[in-house]
Amino acid sequence: MGGVKRKKVVLLGSTGSIGCSTLEVARRLPDRIELIGLAANASVEKLAAQVRETGVREVALCDASKEAELRKLLPEGVTVHVGEEGLCELSCLAEADIVLVAIVGTAGLRPALAAIECGKDLAVASKEILVMAGEVITAAAEKHGVAILPVDSEHNAIFQCLDGHQGGPDEVSRLILTASGGPFRETPPEELAGVTVERALKHPTWDMGPKITIDSATLFNKGLEMIEARWLFGIGMDRIDVIVHPQSIVHSMVEFIDGSVLAQLSKTDMVFPIQYALTWPDRVDGGLERIDFARLAKLDFESPRHEVFPALGLARRAGLLGGTLPAVFNAANEVAVERFVAGKLPFPGIWDLVRKVMDRHKVESARSLESVIAADKWARDEANRQLR
């Protein structure tokens, strides 16, 4: 090991796709990464299996109704924390170096802030944290002198391109987020009204959970990423662009004011950005698959169809106006996706509903978590009212 210190990691959302990929990274790099806390929503059997594999002594469960069931499955001596308070307790474990938040939805907000306030570095896989509360989270990180490390492949790519760059945001011309284009990249607009849930859940390159897969089909995921990038890198929304790149090999790019462009490339596997976030500032050989450029042959790029996929325009509007509007943008989309998956909203209705809710929102300051959470609740209520 040469005296290298193992990073002690708390993983919130261990049973989801990002969580499982994080466990794979930990398996590959046992000399670098030690998992000391795991949290899940309600998947008690999967969580218990992970505890037995990793030997962690601290877990958290969001769904309090399943606490007794979980305790029966765990080895003796494992401490169980419950609910939002339990997630915050896990995030503040004294020995933790970094907390990776991979919880879908708003449940990761308070634990993320708690981790920062306890002096822990934060690895962010949950879009909602920075979309909804970017101002609160980044201000807290600066105050407490901790790093925010992006796990999303696109933001992790930009982070890698900027890592070590001394010039600051003034030397950056544009951040260019790449998008696969989703399963309907070439679908005629008139056919989108007939899109089924089954078709929307078939992503061409990534294997993800249902919410993010639908968001990829509508391009809302890329809109959310635009707002995230604004907070992560201190770049105005007017300098954040999206390009469609079907192969998903170039994960994002940074264009500098002299016209030079840096891009980060790797195979389409989430273990790459997770490993970089957890081993940063070092680079480590985790035995990951390399790119064979001769077999790859070509990389394609094209402009998004903004008129067909209005999520990008809605996101830019939310990011430019700021305040509570990004939280409303996010919450309305969550309700719309739930209704689409339930078969109660047509595919184009996702964009229409988000636009209607945004149009009705009176934007307020987002300098406290309370104002952000209130805006989130208002947006969900308004979205459901619109649907009724």
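The values are calculated or read from the model by the stated rules, or taken from the named source; none is laboratory data. What you see is a predicted model; the values in this text were computed from it and never measured. Cβ atoms come from the backbone with ideal geometry, glycine included; neighbour counts cover every protein chain shown. Side chains included, ligands, DNA and RNA excluded: accessible areas come from the protein's heavy atoms. Shrake-Rupley method; radii C 1.70, N 1.55, O 1.52, S 1.80 Å.
Near the amide H of residue 32, within less than 5 Å, lie no amide hydrogens of residues on another chain or at least 5 residues away, with H placed in the peptide plane. Residues whose amide H comes within less than 5 Å of that of residue 323, counting only those at least five positions distant or on another chain, are 366 (H built at 1.01 Å from N in the peptide plane). Counting only DSSP beta bridges with both residues in the stretch 169-285, the antiparallel share comes to about 65 percent. If you plug the beta carbon distance of residue 260 and residue 320 into 1/(1 + (r/R0)^6) with R0 = 35 Å, you get a FRET efficiency near 0.85. If you run the Gaussian network model on the chain, springs between alpha carbon atoms under 10 Å, then out of 182, 259, 209 the most flexible one is 259.
Each of the peptides 277-283, 221-227 was scored by the mean count of other Cβ atoms within 10 Å over its residues; in descending order, highest first, they stand as 221-227, 277-283. Altogether, the Stokes-Einstein calculation at 37 °C and 0.692 mPa s, with the Kirkwood radius of the stretch 286-332 over Cα pairs as Rh, returns a diffusion coefficient of 231 µm²/s. Peptides 127-133, 158-164 ranked from most to least packed by the mean count of surrounding Cβ atoms within 10 Å: 127-133, 158-164. For residue 239 and residue 27, the FRET efficiency from 1/(1 + (r/R0)^6), where r spans their Cβ atoms and R0 equals 56 Å, is about 0.90. 3J(HN,Hα) along the stretch 332-349, derived from phi through the Karplus expression 6.51 cos²θ - 1.76 cosθ + 1.60 where θ = phi - 60°, amounts to 4, 5, 4, 5, 4, 5, 4, 5, 5, 4, 7, x, 10, 8, x, 3, x, x Hz, with x in place of Gly and Pro. In the chain, helical runs assigned H by DSSP with n ≥ 4 each contribute -39500 (n - 2.57); averaged across all residues and rounded to the nearest 500, the mean residue ellipticity at 222 nm is -13500 deg cm²/dmol.
Note on exposure: 15, 79, 324 ranked by accessible area (1.4 Å probe, complete protein assembly) read 79, 15, 324, with the most exposed listed first.
Think of each Lys and Arg Cβ as +1 and each Asp and Glu Cβ as -1; about the Cα centre, that makes the dipole of the stretch 164-218 roughly 120 debye. Cα centroid distance between the stretch 342-371 and the stretch 296-310, in Å? Cα centroid to Cα centroid, the span is 26 Å. For the chain, the dipole from Cβ point charges (+1 on Lys and Arg, -1 on Asp and Glu) about the Cα centre works out to 500 debye, to the nearest 20.
Summary of the geometry: the stretch 262-280 and the stretch 1-65, compared by the centres of their Cα atoms, lie 19 Å apart.
Ranked by the mean number of other Cβ atoms within 10 Å of their residues, highest first, the peptides 299-307, 234-242, 44-52 fall in the order 44-52, 234-242, 299-307.
Entry for the stretch 77-187 at q = 0.13, 0.23 Å⁻¹: log10 I(q)/I(0) = -0.58, -1.32, Debye formula applied to identical alpha-carbon scatterers, no solvent contribution. By the rule of a second cysteine Cβ within less than 4.7 angstrom, the chain holds isolated cysteines at 20, 62, 88, 161.
Taken about its Cα centre, the stretch 95-240 carries a charge dipole of about 220 debye when Lys and Arg each add +1 at the Cβ and Asp and Glu each add -1 at the Cβ. As a fraction of the 1.4 Å probe accessible area of the chain, surface on carbon and sulfur atoms comes out at 49 percent. Heavy-atom accessible surface of the stretch 32-156, averaged per residue, reaches 37 Å², computed with a 1.4 Å probe. One chain, two ends: residue 352 and residue 385. Fully extended at 0.36 nm per residue, the span grows by 10.5 nm beyond their Cα-Cα distance. Among rounded, prolate and oblate, which fits the stretch 1-157 when a ≥ b ≥ c are the square roots of the eigenvalues of its C-alpha gyration tensor, a/c under 1.5 means rounded, and a/b larger than b/c means prolate? Verdict is oblate for the stretch 1-157.
Spin-label model, residue 363/residue 4: points 7 Å from Cα along the beta carbon direction are separated by 4.5 nm. For residue 149, nonlocal amide neighbours, meaning residues 5 or more places apart or on other chains whose placed amide H falls under 5 Å from its own, are 122, 123, 124. Applied to the stretch 303-312, the Karplus parametrisation 6.51 cos²θ - 1.76 cosθ + 1.60 on θ = phi - 60° returns per-residue 3J(HN,Hα) values of 6, x, 8, 4, 6, 8, 10, x, 4, 5 Hz, with x for Gly and Pro. For the residue pairs 143/362; 202/344; 8/202; 46/211; 120/222; 72/127, the alpha carbons lie more than 24 Å apart in 143/362; 8/202; 120/222; 72/127. Take the stretch 277-371 with all the other protein chains still there, run a 1.4 Å probe, and you get 52 Å² of accessible area per residue.
Take every DSSP beta bridge whose two residues both sit in the chain; close to 25 percent of them are antiparallel.
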